[in-house]
Amino acid sequence: MERKHVDLSLPSAARMYDWLLGGSNNYEVDRVACELLLEVAPTSREIALNNRWFLQRVVRVLAEEHGVRQFIDFGSGLPTQRNVHQIAQESDGESRVVYVDNDPVVLALGQSLLDENDNTAILPVDMTDTDTIFSHPEFTRLIDFAQPVAALFVSVLHCLPDSAGPQALVERVIDKLTPGSFVVVCQLVSDDPSVRDNVTSLMDSQTGGHWGRVREKTDVERIFDKLIVEEPGLVDVTDWRPDSEIQQRQRSVEWTEFGGLGRVRSRE
């Protein structure tokens, strides 16, 4: 895999997320940006933890309760403990996972993690470039669209500007999935216009324009128009089938990760 140059003059949303989770795969520029973010949204660390726990719960539910054995993780971010393939393969060691991310640090660390796992791959592709993703040799080796697939868009669509068409991206993926497949979507939202504007402005300037915007719940709800929403519906992900009261008490305040799990409809 060709290694891209890492621009250490700009923070990366993936590395900022890693720092908020307590990881070590980040740089000083990312940590400074996180401190600025915490001034604007003090419970940003809580939101990162809640999002990660949600990802782990929803993958486990898909694997154990729905028997899904194929996963596509769009904008997967830096590898950490309990990654998608690790959870899915606890249910079935033959479960297949394709990660998609074009951050050079994500690619370097992800490839080293996956080198010994033949049922996983990480694609160095912009997640909006679905034609390249779906035709990539590693993708076609691992993913069979004739069988149920879970497509994951977890805490990533807010990184896309409206011009990149985040809803259209999800709809392109839905159109490829066989009925009985699933789509997971959550993204950062706030009911407070000042939080939406301030965080969006901060992240856009810090990342050099590699950011979309903090949106409203209605923006997320529209993404599910073509899906059957599974229980417990579209919620703050802290409330999506929580494992413990401890996790539920670890709440964000100014903004939330909002979303849920949708099933692809029959095409009649």
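Tabulated data
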{"read-out": "Dimensionless Rg over Rh [the chain; C-alpha; Kirkwood]", "value": "0.93"}
{"read-out": "Phi to ³J(HN,Hα) by Karplus 6.51 cos²θ - 1.76 cosθ + 1.60 over the range 136-153, Hz, x for Gly, Pro", "value": "5, x, 5, 5, 5, 5, 9, 10, 10, 5, 6, 10, x, 10, 10, 9, 10, 10"}
{"read-out": "Dimensionless Rg ratio for the range 70-224, taking C-alpha atoms and the 2.2 N^0.38 Å reference", "value": "1.06"}
{"read-out": "Whole-Å semi-axes of the ellipsoid equivalent to the range 169-268 (Cα gyration tensor, √5λ, descending)", "value": "26, 20, 10"}
{"read-out": "Over the range 1-149, volume per residue of the alpha carbon convex hull, in Å³", "value": "114"}
{"read-out": "C-alpha center-to-center spacing [the range 180-209, the range 136-175] in angstrom", "value": "18"}
{"read-out": "Selected from Gln81, Gln206, Gln167 as most flexible by GNM, with the chain as the system and alpha-carbon contacts under 10 Å", "value": "Gln81"}
{"read-out": "Amide H within-cut-off set for Phe71, under 5 Å, with H built and near neighbours excluded", "value": "Arg96, Val97, Val98, Ala150"}
{"read-out": "Order of Arg60, Arg69, Arg141 - criterion: other Cβ atoms within 10 Å of each residue's Cβ, fewest first", "value": "Arg141, Arg60, Arg69"}
{"read-out": "Helix-derived mean residue ellipticity, 222 nm - over the chain, DSSP H n ≥ 4, -39500 (n - 2.57), to 500", "value": "-12000 deg cm²/dmol"}
{"read-out": "Among 207-213, 52-58, the order from most to least packed when residues are scored by Cβ within 10 Å on average", "value": "52-58, 207-213"}
{"read-out": "The range 13-264, relative contact order in percent, only Cα pairs under 8 angstrom and at least six apart counted", "value": "21"}
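None of the figures in this text is laboratory data; all of them are computed from the coordinates on show. Everything numeric here is computed off the predicted structure, so don't read it as measured data. Cβ coordinates were reconstructed from backbone atoms using ideal geometry, including for glycine residues, and neighbour counts include every protein chain displayed.
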